[in-house]
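First up is the structure itself, then whatever we jot down about it.
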Amino acid sequence: MPPRASKATDPRSHPRWGRRLAAAVFAVGLTASLAPAAAAGGNGPDYNGHETINTSILHTYDELAAELEKQDARQEALELEVIGQSVKGRDLFLAKYVNDPANPTILFLTQQHGNEQLTTEGALEFIKHLGSARLGDTLEHVNVLIVPMLNPDGAMGDVDFSLDDYVASGDRHLTRYNAVGADLNRDHVDRVQPETRALHEKVLGAYEIDYMIDLHHQGTRSARDGQLVSGSILHPTTPEVDPDVLEGSKRLGAVVFDAVDSTGWGHLGKYAGGDATTISRNGVAVEYGISTLLFEMRGMSDHEYEPYVLGQKSNGYLRQQTLVTLEAAVQSIADGSIESADTSFWDTLAEQEWMPRDE
Ligand SMILES: [Zn+2]
């Protein structure tokens with residue numbers, strides 16, 4: 001999501017914003033007292049000064065690379081490829097399962113924004129699952145491409161700008177932007193940054209890809225139907241996208257929605273997104289005819305704005321949400337059930353809203 005889109009909507013949680021937005025605070029305060037108490041299920045705690053966020057429990061870039069190499073050595077079906085380097089020279093990886101090029105292909109992309117790491121943690125877990133007997137002969141019917149942690153410099157806080165105001169503690173800070181302060185998910189047309197260039201040249205332009213899920217994290221206070229969400233989804237929304245491609249995106253969204261919703265703890269809203277093609281959800285769908293889906297998990301690993309940062313007690317279910325999403329997508333493509341997925345839920349799925357804290 002945009003870094004500051006909702007900032008003015010919950011100023012009370014951020015001391016530096018309180019005074020300047022006194023009028024807004026008053027308005028929000030009125031709604032807050034009427035807001036329903038947070039329900040159970042997907043509603044883990046957010047940060048808001050209530051607990052320490054320890055980034056040391058997340059994979060560092062080096063640990064990620066080591067795990068990928070370990071799985072590559074263990075799994076015959078896995079081919080690990082370096083598709084380029086980040087600004088600071090870190091190798092960017094593609095984990096590739098291509099059994100038959102004629103099979104349908106899905107791409108999972110994580111951590112274009114470096115502070116949105118649980119998606120990568122889930123993707124790593126998924127790669128381990130693909131190496132087990134758990135998924136049966138699934139990989140004989142679908143090709144799976146995974147680009148984990150496209151923005152390793154941001155993920156490691158190895159950037160040329162100050163992170164002094166970031167709230168997490170631990171070995172490192174994590175930031176949305178890459179080393180030179182660029183937002184990779186606004187760079188899908190110009191492709192100025194080496195990370196986006198690598199993705200387009202070595203992955204998007206190099207394979208016949210049918211589906212893509214772009215995995216992100218959003219703020220902690222989004223709600224649907226009065227209950228905080230565990231995430232939100234959205235298909236391409238630019239008018240330039242081919243209707244068949246859009247329909248594929250909606251079917252992919254239906255598969256993901258059903259899988260997450262049926263867990264009991266998953267609760268998804270519709271993401272409120274724009275139509276710019278600089279964003280992968282739109283740009284990739286238009287340029288390559290790939291049916292894309294944006295998935296925004298709840299809460300970020302680090303940020304300068306407290307209400308965006310999620311308490312780490314929620315890490316487990318969000319990692320699990322990623323896993324559920326990836327497995328459901330892959331299996332529905334492998335067994336063909338995605339072709340008949342019911343997309344009608346999109347007509348009634350409510351756009352998420354910001355829910356003020358109940359203090
Ligand atoms: Zn993001």
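The values are calculated or read from the model by the stated rules, or taken from the named source; none is laboratory data. Every value quoted in this text rests on a predicted model; they were computed, and no experiment measured them. Backbone-built Cβ (ideal geometry, glycine too); neighbour counts: all protein chains shown.
Couple of notes before you dig in:
- The set of residues in the stretch 202-241 that are under 18 Å from residue 271 (Cα atoms) and out of contact with any helix residue (DSSP H, G or I) (no Cβ under 9 Å at 6 or more places or on another chain) comprises 222, 223, 224, 225, 226, 227, 228, 229, 232, 239.
- Check on residue 206, closer than 25 Å to residue 81 by Cβ, among the hydrophobic types (A, V, I, L, M, F, W, C) and away from the ligand (no atom under 16 Å from the Cβ): yes
- Flag set for residue 314, criterion: touching a strand residue (DSSP E or B) at 6+ places or on another chain (Cβ under 9 Å) and at pLDDT below 95.
- Here residue 164 fulfils each of the conditions (1) within 15 Å of the ligand (Cβ to nearest atom); (2) without any contact (Cβ under 8 Å) to a residue 12 or more places away in the chain apart from (1).
- Residues in the stretch 227-254 that are assigned to a loop (DSSP other than H, G, I, E, B), at pLDDT 95 or above and under 16 Å from residue 296 (Cβ atoms): 235, 236, 237.
- Here residue 99 meets each of (1) closer than 30 Å to residue 163 by Cβ; (2) surrounded by 15 or more Cβ atoms within 10 Å (Cβ to Cβ); (3) without any contact (Cβ under 8 Å) to a residue 60 or more places away in the chain with one exception, condition (1).
Condition check ((1) surrounded by 22 or more Cβ atoms within 10 Å (Cβ to Cβ); (2) of a type in the set (D, E, K, R)) across all residues:
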{"position": "290", "(1), (2)": "yes, no"}
{"position": "294", "(1), (2)": "yes, no"}
{"position": "298", "(1), (2)": "yes, yes"}
{"position": "317", "(1), (2)": "no, no"}
{"position": "330", "(1), (2)": "yes, no"}
{"position": "337", "(1), (2)": "no, no"}
{"position": "347", "(1), (2)": "no, yes"}
{"position": "352", "(1), (2)": "yes, no"}
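- Which numbered condition residue 134 misses (of (1) without any contact (Cβ under 8 Å) to a residue 40 or more places away in the chain; (2) touching a strand residue (DSSP E or B) at 6+ places or on another chain (Cβ under 8 Å); (3) of a type in the set (Lys, Arg)): (2)
For (1) away from the ligand (no atom under 16 Å from the Cβ); (2) under 21 Å from residue 82 (Cβ atoms), each residue gets a yes or a no:
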residue: 198; (1), (2): yes, yes
residue: 211; (1), (2): yes, no
residue: 220; (1), (2): no, no
residue: 228; (1), (2): yes, no
